Amino acid sequence: MSSSFHRGRVARRFLAALVTVSMGTVTAAAGAQPAAAAGSAAPWLTVSDGFASFAVPAADIQATMGDVSSVVVEADFGPSFAVSELGLVRSGTAWTSIIGPLPAGLYRYRLRGDDTKIVKDATNPASVTSDPTWSTFLVPGDAARYLTDVPPGQGGKIETITYPYAAAHERRSATVWTPPGYDAHRPRPYPVLYLLPGEGGGHADWAELGRAGQILDNLSVERRIEPMVVVMTDGDEASRSRLRRVIDRRYHVAGDPAHQAIAGASAGGVQAVRAALARPGAFAYAGSFGGVFADETPGNSSPARPHLLRLYTGNLTDPAYNPTLRLLRRLDKAHIRHEFDGVNPDAGHAWAAWRENLVDFAPRLFQPVSDHGPSAGHVVPRHEFTPPAPGTTPTPWLTREANGDTFVTAETGTEFAGAQHVTLWGNWAPGGSWVNVPLTRSGDRWRVTVGPLKPWFYYYKFIVDRVSKKDTSNPSHITTEPTWSSFLVPGKESRLLADVPAGKGGAVHRLTYLSTVAGEERAAYVWTPPGYDPARPAPYPVLYLQHGGGQNYTDWLEMGRAKQILDNEYRDGSLVPMVVVMGNGNVPDFPKELLENLVPAARAGFHISADPERQALAGLSMGGFQTYDILKKHPGEFAYIGTFSAGISFSVPADPTGYDPVAINTGTKLLRIYTGNVTDFVYPITMASMAAFDRVGIRYEFAGVTPGPHGWDTWQKNLIDFAPRLFRSDAR
């Protein structure tokens, strides 16, 4: 069974690899976070600087879920704020994970064990009335400024009221917001806006998930909206009719249609538009936030024409995308006046989009408005989104929008027709972290569209009932991860990861040699630059580039895009012509393997230098630890050293025992250290290693924190930065 979270598997394999190569005593679990004792008040979630850290005591998981092999956080962390699954890793006495930096906004989450056992965060008092399994948290920031509380005394008032439904003994509830300074006796009654939730939602959703109270408070403080009463409700039209009578009696609101508005999210948006068009003069203002309309023109036969009918939709991952475009055409044909906010490029069918819709819609009510076009950054598409027919190969399929955004659609074969839970795991979470996006059943296949994706290199796999499966329709191959597939999203940011024109790049050779350490014939890949000349007078400088734990010599080509990076940087003129050797570091004695086996074989097969000043060594994760071991035991053997997500010891604080500062400083031209952000579980080890070097006087360069986790997004960026710094006479 495969974990849905890559970091945990990498951590376990990395730990095992470190023990195998005798890199020192393991004193702490990778990325371990302090775990709360079962039953304590310690929060399962902490949020800092946009990073969400989960540490759920294993005892609490056992008490609420029983024995489970897989625990995920189900939350709207995915692209377009899709509800996705973030895998937790059993680390000591807790299940842990960290994700971020998350875009500013409100997030909802819950825990799910073995796909079926759902648990609320018992330590988070925030709740969702319509579904008590959810909790929420806010990531502050400018993009979420309307979601924050206003200073005390400056906001409006929210209260819950009840009203009779069908019979005298049956009652329903509604949430009502009254504006700051609400005056029940002012001469002019207040206009009223009715807000409807999505399908299956409740009256409190707009307050708890939509942050309607905070949005309306902030808009009021900025004097952007006309003072109004906002009624958040659910139920059918008959229920709303009863509620309106209660609102008319209880609040000082206007009863004429010109001062009535209605809007809703998802299914509530459909109800809102139908109510405005089907009942002549009932509402002068109507808004649909991601309403998934059937092929109809609501109220087409009615003479009702609201003063404002404004439609909203998310991007092409939103099931409202195509229906909204079709409705716009039908409204045009029926000569029903309307406005379109355009497509929100960053969000799909999600509360993140609907909150933005409310921020745009509310200021348009009951007052003159001069701007009737789309919101800034929104686009008006020309065509509906039509993915390929089922069974079209190869997959995945990339769709590029007019604004440059790229979406990817993946589809399973028919072999999983009987599956119960299928997700698509990939590195599309913030910073290149991994989340599982649920697929939906489409006939005898499963399908999902993910995006927008920034230009970069992506890898993914299907998780079918908690078992990893490869997309067999994708021809890409990854030797050490046979269930993974990959694709490249082209663009300026990913230019260095793309193939150069045919015949313009370097060559890749397979070098075989006898390993006296492993007792077998082994292989390495060797990249030679364009125009490589084995007979030129001066031998080429050489970089030995090492992989991480659980990987081998194939990974820097298949996952690290090393050939593409080197080819492009050479063509750009930023790379000194060099030879790059990618070896296999899975041995118990790496220094002996490198210096007595790989290096002599590389020198015998290629025209490369033996001068330490023309030799470089770098590695990621386990390979970075091995690089430090060489620096300690053979200082000056390689004048250029690079470590990606690694440290001198696997303990914190690091112990610099055995390092010779004088020999290292004398023989090393460049010691450059890289790390991912706090989602990289080796981050504290890397920082502790630099502090240890400071204590003993070893000179180094810190490249700064690379935005990304312990993964290929980070290491590709590290190689892009490191390789051009080698063997140059000019300082970089």
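The values are calculated or read from the model by the stated rules, or taken from the named source; none is laboratory data. What you are looking at is a predicted structure, and each value in this text was computed from that prediction instead of being measured. When we count neighbours, we look across all protein chains shown, and the Cβ atoms used for this are built from the backbone with ideal geometry, even at glycine. Just the protein is used for accessible areas: all its heavy atoms, side chains included, with ligands, DNA and RNA removed. Shrake-Rupley method; radii C 1.70, N 1.55, O 1.52, S 1.80 Å.
Rg and Dmax of segment 85-169, both derived from C-alpha coordinates alone, stand at 18.0, 56 Å.
For segment 689-732, what number results from the quotient of the Cα radius of gyration and 2.2 N^0.38 Å?
It is 1.40.
Think of the chain as a dipole: +1 on every Lys or Arg Cβ, -1 on every Asp or Glu Cβ, centred on the Cα centre; then among Leu594, Thr554, Thr395, Thr395 lies furthest on the positive end. Farthest toward the positive end of the dipole of the chain, out of Val292, Ser689, Ser84, is the Cα of Val292, where the dipole comes from beta carbon charges about the Cα centre. Taking label points 7 Å from Cα along the Cα-to-Cβ direction, His169 and Glu520 give a separation of 7.7 nm.
What do you get for Rg/Rh of the chain when both radii come from the Cα atoms and Rh is the Kirkwood radius? With Rh from the inverse mean 1/r over Cα pairs, Rg/Rh is 1.04. Computed from point charges on the beta carbon alone (+1 for Lys and Arg, -1 for Asp and Glu), the dipole magnitude for segment 615-732 about its Cα centre is near 240 Debye. Each peptide in 442-449, 61-68 was scored by the mean count of other Cβ atoms within 10 Å over its residues; highest first, the order is 442-449, 61-68.
Amide H to amide H distances under 5 Å link Ser468 with Ser2, where only residues 5 or more positions off or on other chains count and H is placed in the peptide plane.
Approximating the spin labels as points 7 Å out from Cα along Cα→Cβ, the Glu296-to-Arg186 distance works out to 3.8 nm. How many percent of the alpha carbon pairs in segment 488-574 exceed a separation of 17 Å? Of all Cα-Cα pairs in segment 488-574, 57 percent lie more than 17 Å apart. When the charge dipole of the chain is built from unit charges on Cβ atoms (+1 for Lys and Arg, -1 for Asp and Glu) and taken about the Cα centre, the candidate among Ala278, Gly505, Gly141 whose Cα reaches farthest toward its positive end is Ala278.
Over segment 133-288, the reciprocal of the mean inverse Cα-Cα separation, the Kirkwood hydrodynamic radius, stands at 16.1 Å. In order along segment 464-476, the Karplus-derived 3J(HN,Hα) couplings, from 6.51 cos²θ - 1.76 cosθ + 1.60 at θ = phi - 60°, round to 10, 6, 6, 10, 5, 9, 8, 7, 5, 8, 9, x, 5 Hz, and Gly and Pro are given as x.
Among the listed pairs Lys563/Lys669; Lys563/Lys592; Lys504/Lys563, those whose Cα-Cα separation exceeds 22 Å are Lys563/Lys669; Lys563/Lys592.
Any idea what the dipole of segment 360-495 comes to, in debye rounded to 20, about its Cα centre with Lys/Arg Cβ at +1 and Asp/Glu Cβ at -1?
On the way: 13 positive and 12 negative charges, 35 e Å.
Here the size comes out at about 160 debye.
The overall shape of segment 225-283 is rounded: from the C-alpha gyration tensor, with semi-axes ordered a ≥ b ≥ c, the ratio a/c is less than 1.5. Only beta bridges with both residues in the chain are counted; by DSSP, about 65 percent of them are antiparallel.
All other residues whose Cβ lies under 10 angstrom from that of Ser485 are scored, Lys and Arg at +1 and Asp and Glu at -1, for a net of 0.
The residues of segment 303-400 expose on average 45 square angstrom of accessible surface per residue, using a 1.4 Å probe on protein heavy atoms.
The packing ranking, built from the mean of other Cβ atoms within 10 Å per residue, places the peptides 511-524, 315-328 in the order 315-328, 511-524, highest first. Extension gain for Val467 to Thr162 (0.36 nm times residue separation, less C-alpha to C-alpha distance): 105.0 nm. Of the accessible area of the chain, computed with a 1.4 Å probe over protein heavy atoms only, carbon and sulfur atoms account for 52 percent. Packing, taken as the mean count of other beta carbons within 10 Å per residue, orders the peptides 90-96, 475-481 from highest to lowest as 90-96, 475-481. The shape of segment 606-732 comes out oblate: with a ≥ b ≥ c from the C-alpha gyration tensor, a/c is at least 1.5 while a/b does not beat b/c. Using the rule -39500 (n - 2.57) for each DSSP H run of four or more residues, divided by the residues of the chain, the 222 nm mean residue ellipticity is -6000 deg cm²/dmol.
Across segment 308-322, computed HN-Hα scalar couplings (Karplus, 6.51 cos²θ - 1.76 cosθ + 1.60, θ = phi - 60°) run 9, 10, 10, 10, 10, 8, x, 6, 5, 7, 7, x, 7, 4, 5 Hz from first to last residue, x flagging Gly and Pro. Think of each Lys and Arg Cβ as +1 and each Asp and Glu Cβ as -1; about the Cα centre, that makes the dipole of the chain roughly 960 debye.
Given R0 = 41 Å, the distance between the Cβ atoms of His634 and Arg441 translates into a calculated FRET efficiency of 0.10.
Taking 15 Å as the cut-off, the amide N atoms of segment 61-80 that come nearer than this to a point 7 Å along the Cα-to-beta-carbon line of Lys117 belong to 61-73.
So between Ala417 and Arg330, what do we pick up on full extension, going 0.36 nm a residue minus the alpha carbon distance?
27.7 nm
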